[in-house]
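Accompanying notes for the structure given below.
The values are calculated or read from the model by the stated rules, or taken from the named source; none is laboratory data. What you are looking at is a predicted structure, and each value in this text was computed from that prediction instead of being measured. Please note: Cβ atoms are built from the backbone with ideal geometry, for glycine as well, and neighbour counts cover all protein chains shown. For accessibility, only protein heavy atoms count, side chains too; no ligands or nucleic acids. Shrake-Rupley method; radii C 1.70, N 1.55, O 1.52, S 1.80 Å.
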Amino acid sequence: MAHPTRTASLTIDGKTYELPIHSPTAGPDVIDITKLYAQAGVFTHDPGFTSTSACDSAITFIDGDKGELMHRGYPIDQLAEKSHYLEVCYLLLYGELPSAAELEKFETTITRHTMIHEQMHNFFRGFRRDAHPMATMVGVVGAMSAFYHDSTDINDAHQREIASHRLIAKMPTIAAMAYKYSIGQPFVYPRNDLDYASNFLRMCFAVPAEDYVVDPVLARAMDRIFTLHADHEQNASTSTVRLASSSGANPFACIAAGIACLWGPAHGGANQACLEMLKEIGHPARIPEFIARAKDKNDPFRLMGFGHRVYKNFDPRATVMKKSADEVLDLLGVENNPLLQIAKELERIAVQDEYFIEKKLFPNVDFYSGIILEAMGFPTAMFTPIFAVSRTVGWISQWKEQLADPAMKIGRPRQLYMGETLRDYVEIENR
Ligand code: SDX
């Protein structure tokens, strides 16, 4: 817990209130208004939480002005280059990079939790084949609480640990099964001799009729995509998980809530929406038309993959993703991918446009990820499920951190009520 370094004075109707100011290890100071309502009888008002710190956290920090992101102090570009997803999972969960022995034990544990209860296969058959895989994931992950009763007690540290490992391990299996079900192919079981990313690619693309060999370059690109999406401070879906957890809900229900929130096109659904936008643009010559629409206040259209609540500079994940896109498309012999050409031209034009400069709108993590995923053979509907697979470790790490916070209370915001004042019921004959 941060400690007050000084106070802010707030004067209302001639009465002054002293509010403690806490200084973080990085980022802006915060004014603690915990006691404001009790002292002054007023609420603060911040729809969308643009100026509100909701919790203490030591997991991830973003400097939006500099375009910097770090996990437990390590910058994302170094982690993307030198680490790998399961090691980043360990870092997010436990706060330090693992020793070789710790990493081996952790990877073995995750590997041995990748299968799901065989009876859960029946859930998939209850969905229409054309169900969006995010709908399937919300349902199946929520249903995990019906199968893993021995890891739903949030007050038991051992059960919290097992639930964390089960969720990280089983999400790729569930996502791959949702994809296989949608294309009418048989489920492919995970293999313990494959790394996390290779296992996921094989569960998605292997068929019983022939052997499937994972391309190590694609596996590395997949692992990097997982690493880049792992955690991101108190974004909408993480805040959803924290709010759900604050009521004491079990971890599977909380993660299902996070998946539901991530699905929105303003959040994790943007990667699918961005690729669909690039396809709709269709040719670089049409880019000015879409830029004009994005700037038109009367047009709800927004440039998907651009803008961010926190980043007012390049999203460092987009920078790494752009480099990875070049590598993957080059490997696949589609370096002249028309969508990548449109994306690069769109980025070039947008970052020079006065509107985007003034509003500090830069490409975000979702701008290039869809291009890589499509080149790897994923349908657009699988883009957000892949984001959900990766972000599960962030949700779970933040969930664990909140449960360990002695200051944790149920999240219950108040409101600025603008409705009718008290009035008596009117009988129907008098209306
Ligand atoms: C993710 O929070 C996280 O950390 C999220 C995430 C994570 O890892 O968890 O980083 C993942 O969700 C990335 C963002 C993916 N979403 C998109 O790419 C969708 C397109 N982007 C926009 O919807 C928007 O930029 C948001 C939702 C991302 C951010 O919205 P904000 O912070 O609420 O900003 P805003 O809507 O108030 O926009 C500020 C101004 C507005 O104009 P004015 O009302 O001031 O005149 O910028 C404009 C907006 O109209 N604007 C855009 C725009 N984004 C903002 N105009 C055109 N195109 C855009 N993309």
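Some notes on this structure:
- Value of Rg to Rh for the range 237-281 (Rh from inverse mean 1/r over Cα pairs, i.e. Kirkwood): 1.21
- Cα Rg over Rh - the range 315-431, Kirkwood: 1.26
- Longest segment of the chain lacking chymotrypsin sites (Phe, Trp or Tyr not before Pro) that sit in a DSSP loop with at most 11 other Cβ atoms within 10 Å: 1-416
- About its Cα centre, the dipole of the range 1-138 is roughly 500 debye, where the only charges are +1 on Lys and Arg Cβ and -1 on Asp and Glu Cβ.
- Straight-distance crosslink candidates among lysines, where the alpha carbon sits under 23 Å from Lys180 and sequence neighbours closer than 8 are dropped: Lys170
- Each 10 Å bin from 0 upward holds the following percent of the Cα-Cα pairs of the chain: 4, 20, 29, 25, 15, 6, 2, 0.
- Portion, in percent, of the accessible area of the chain that falls on carbon or sulfur, probe 1.4 Å: 54 percent
- Whichever aspartates and glutamates have a C-alpha closer than 12 Å to that of Lys360, once near sequence neighbours (fewer than 8 apart) are set aside: Asp65, Asp315
- Per residue solvent-accessible surface (Å²) - the chain, probe of 1.4 Å: 50 Å²
- Cross-link reach list, lysines versus Lys82, counting only Cα pairs under 24 Å and skipping chain neighbours closer than eight places: Lys66, Lys105, Lys322, Lys323
- Using a Förster distance of 56 Å, the FRET efficiency for Thr5-Ala135 (Cβ separation, nearest 0.05): 0.75
- Hydrodynamic radius of the range 95-251 per Kirkwood, over alpha carbon pairs, in Å: 17.1 Å
- Largest to smallest in accessible area, the residues Arg242, Arg191, Arg202 fall in the order Arg191, Arg202, Arg242 (1.4 Å probe, all protein chains included).
- Ranking Gly184, Phe147, Ala169 by Cα position along the charge dipole of the range 114-191, where only Lys, Arg, Asp and Glu carry charges on their C-beta atoms, puts Gly184 farthest toward the positive end.
- Fraction of C-alpha pairs exceeding 22 angstrom in the range 237-365: 45 percent, rounded to a whole number.
- In plain terms, the bigger the Kirkwood radius, the slower the diffusion; for the range 1-118, with that radius from Cα pairs, at 20 °C and 1.002 mPa s, Stokes-Einstein puts D at 119 µm²/s.
- Counted charge near Gly184, where neighbours are those whose Cβ lies closer than 14 Å (Asp, Glu -1; Lys, Arg +1): +3
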